[in-house]
Ligand SMILES: Cc1cc2nc3c(=O)[nH]c(=O)nc-3n(C[C@H](O)[C@H](O)[C@H](O)COP(=O)(O)OP(=O)(O)OC[C@H]3O[C@@H](n4cnc5c(N)ncnc54)[C@H](O)[C@@H]3O)c2cc1C
């Protein structure tokens, strides 16, 4: 439960709450780029920037819980430029050996190179494939939805290598044959790219970890991100509940509090029940992860439930507040766009439900 945090995590929660109110919320009128630059600089100064990085000393025995506490607390203020608080994490490059440790991981963590993640492919395309020729790996294929790809120095891409199977491979975007086909933005304001690989030649040493072990590596990375989506969704749930409480305790035209109407109260209570459940799931799952337990099913359940809850909560809040909440710059209108992507990104809700069903019925896994 969020109530049973140790003193170190309580201190982290206080630091994040103070950081959000002092360094983030006041930047609400700036455009994203300016706000992000200020948040990044302030976060480095107060020592939050490195929380996602491998050598962070903050709560090192309860890393997942610390990340969830931090993200939830920051999101509870619904501040601008949330993505700028934390530095890049190692992602699939965690524990990578040489030469990638020096050529890609170190510059990534130092902010000198930008990485991206290439997993999703067009429905009508052959899977991205690679063939080993001596010391080189020759890659052909497509990746259709690479967040930040147009500005990235490299893509960590899932490649089906002949004779070995799916492997994660570092592909520098400057390499000959890497074709940036399209840049596009999604509803939440993030930027993506579609790539085509035509006879791209990279050193075999660019395979991350062991040949053929790419899928579990990619899924581990996706699993970590799923829990963080859930944490951020829980933070936004707190923010929406606070906003609704203020709104419903304020009087309508008749002078009576808006929350006096039974139907309004019913909707509000229903959201609070779901927010309580989402937060309880999140904290339990983060603790299991820190104990070294396999949380694949629980992480999927947290992501599906929390992202669907926040979608419903923002939608209902707009309904209860009325038309003013649909004006472009209303925080609920902005949040509506921000959270919609989460029901698809890092696994569509429908597909994750099927995976949870499979985990129970066919593999006997998990606690859900
Ligand atoms: C903001 C954002 C950022 C993203 N960033 C990245 C990134 O950095 N790297 C990356 O690789 N990808 C990224 N993606 C892509 C994301 O991973 C995919 O959108 C997601 O996995 C869903 O795949 P899809 O879009 O191909 O939809 P589909 O897989 O086609 O799913 C669409 C719908 O079809 C149905 N469906 C699909 N499969 C099944 C099934 N097996 N059984 C039953 N029903 C099914 C479901 O209703 C599902 O909701 C991002 C997406 C978004 C929205």
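Some notes on this structure:
- On Cα atoms only, tilt of 262-290 relative to the major axis of the chain in degrees: 40
- Here the label points at residue 365 and residue 101, each 7 Å from Cα along the C-beta direction, are separated by 2.9 nm in the simple model.
- In the chain, Cα pairs under 8 Å separated by at least six residues give a relative contact order of 15 percent.
- Over the chain: Kirkwood hydrodynamic radius from C-alpha pairwise inverse distances, Å: 22.0
- Computed over the range 7-89: relative contact order in percent, which uses C-alpha pairs under 8 Å that are six or more apart: 48
- Each residue in 285, 246, 173, 52 was given a count of other beta-carbon atoms within 10 angstrom of its own, and listing them fewest first yields 246, 173, 52, 285.
- Here the contact order of the range 94-164, divided by its residue count and restricted to Cα pairs under 8 Å and six or more residues apart, works out to 36 percent.
- Linear extension gain, residue 31 paired with residue 17, 0.36 nm per residue minus alpha-carbon span: 2.8 nm
- The Cα atoms of the range 1-122 give a gyration tensor whose axes a ≥ b ≥ c have a/c of 1.5 or more with a/b no greater than b/c, which makes the shape oblate.
- Among 342-352, 224-234, 319-329, sorting by the average number of other beta carbon atoms lying within 10 angstrom of each residue, highest first, gives 224-234, 342-352, 319-329.
- Taking packing as the residue-averaged number of other Cβ atoms within 10 angstrom, the listed peptides 158-167, 76-85 run from highest to lowest as 76-85, 158-167.
- When both bridge partners sit in the chain, DSSP labels roughly 85% of those beta bridges antiparallel.
- Estimated FRET transfer efficiency (residue 256, residue 280; beta-carbon r; R0 30 Å; 0.05): 0.35
- For the chain, the longest principal axis of the alpha carbon atoms and the long axis of helix 296-321 meet at an angle near 40°.
- Projecting label points 7 angstrom from Cα along Cα→Cβ for residue 183 and residue 249 puts them 4.6 nm apart.
- Protection-proxy order for peptides 306-318, 87-99, each taking the mean of Cβ atoms within 10 Å per residue, highest first: 306-318, 87-99
Bear in mind that the values in this text are calculations on the coordinates, not laboratory data. What you see is a predicted model; the values in this text were computed from it and never measured. Here the Cβ is made from the backbone with ideal geometry for all residues, glycine too, and neighbour counts use every protein chain on show.
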